[in-house]
Amino acid sequence: MHTPEGFVPSHVLPPALPAGALAFAFRDTRLLVGGPDNAPAVPPLELLQSLRLAGAVHYLGELGGTACVAVRLPDDAPEPEGWRYAGLRSLFFRLPEPLLAIAGRAFQVVEWDRTHRYCGRCGAPTRDKPGERAKECPACGHTAYPRVSPAMMVLVTRGREMLLARAPRFPPGMYSALAGFVEPGETIEDCIRREVREEVGIEVGNITYFASQSWAFPHSLMIAYTAEYAGGELRLDEAEIAEARWFAWDAVPDLPPSISISRRLIEATVARLAGEST
């Protein structure tokens, strides 16, 4: 989930939205879509209005000249005939990638709107702050911006081997790189060393940035790295890791889907190690 080509983000709602504006409308965590399962469609805002589906509207910007808005529907919003509410994960590889990226952005805005209706400091109802994507408290002045939670992902190598792990929630046989959330006061590199030590008991060095990815489950920013094994024996935190193993570059197991940055991280590392082996 990256900013699509041709998308111009904005948080300032125009005085009048043009016809055909796309409405990324969520009832709780599920997006309203129509069409067949293999080719879902995002409704125009006019359709929501004709169906009397009303909710808080947040402007997202324009995708190829088409205005896009996020809409937070009530939890009891009906499901119109011919339309359905679908979780974002179920739309992977079905909704076109640019629309999926905007849907992920919309979900994070809607989730922020839903969870910041009251001030976290004094409990008073909040209001949208003019000129910013922010909620402000009229009673005490506290300002709350959409939450972004940084999380590291790291693929550890040892020679031409890679360390891959399975979380208890993973499907049988699927492995991925290690991951964890950054704690207050940490750099991402600090987080990598701590998480690797806590989850699998080893030390790492030569930490190198790979890429980042917005991940709307519910509001993460995945920041991916490679690192090299620097010592220790595998010792698993069984609450977090069901299994961890060293895999040769040419014998990788089942991996997460390609929409995840972990897949790209592993495949890029496999290609590098394959080149080093020739």
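Legend: calculated FRET efficiency, L47 to L13, from the Cβ-Cβ distance at R0 = 25 Å, rounded to 0.05, equals 0.85. Summing +1 for each Lys or Arg and -1 for each Asp or Glu among the other residues whose beta-carbon sits under 15 angstrom from that of A124 gives +3.
Distance between the 7 Å Cα→Cβ label points at E189 and A271: 2.6 nm.
Quick query: amide H of A230 versus all other amide H atoms, modeled in the peptide plane; which residues come in under 5 Å with a sequence gap of 5 or more or a different chain? Here E203, V204, G205 satisfy the definition.
With 0.36 nm allotted per residue and the present C-alpha distance subtracted, the A239-R263 stretch has 6.3 nm of extension available.
Sorted from longest to shortest, the spans of the Cα atoms of the stretch 170-214 along the three principal axes equal 35, 28, 22 Å.
Between helix 188-200 and the chain there is an angle of about 60 degrees, using the helix long axis and the longest principal axis of the Cα atoms.
For I241, the accessible area of its heavy atoms, probed at 1.4 Å with every protein chain present, is near 10 square angstrom.
Per residue, the convex hull around the alpha carbon atoms of the chain comes to 163 Å³. Once R0 is set to 51 Å, what does the formula 1/(1 + (r/R0)^6) return for the Cβ-Cβ distance between T143 and D254, expressed as a FRET efficiency to the nearest 0.05? In this case the efficiency is close to 0.70. Projecting the Cα atoms of A244, A211, L234 onto the charge dipole of the stretch 201-278 (Cβ charges, centred on the Cα centre) puts A211 farthest toward the positive pole. Hey, with R₀ at 22 Å, roughly what FRET efficiency would D28 and R94 work out to, going by the Cβ-Cβ distance, to 0.05? Rounded to the nearest 0.05, the efficiency is 0.65. The Cα atoms of the stretch 51-165 give a gyration tensor whose axes a ≥ b ≥ c have a/c of 1.5 or more with a/b no greater than b/c, which makes the shape oblate. Relative to the longest principal axis of the Cα atoms of the chain, the long axis of helix 261-277 lies at roughly 30 degrees. Taking the C-alpha atoms only, the angle from helix 97-115 to the longest principal axis of the chain is near 70 degrees.
Compactness of the stretch 127-220 is given as radius of gyration and Dmax, 18.0, 59 Å, from Cα positions.
The values are calculated or read from the model by the stated rules, or taken from the named source; none is laboratory data. Since we're looking at a predicted model, the values are computed, not measured. We place every Cβ from the backbone using ideal geometry, glycine too, and count neighbours over all the protein chains shown. These area figures cover heavy atoms from the full protein model, side chains too; ligands, DNA and RNA do not enter into them. Shrake-Rupley method; radii C 1.70, N 1.55, O 1.52, S 1.80 Å.
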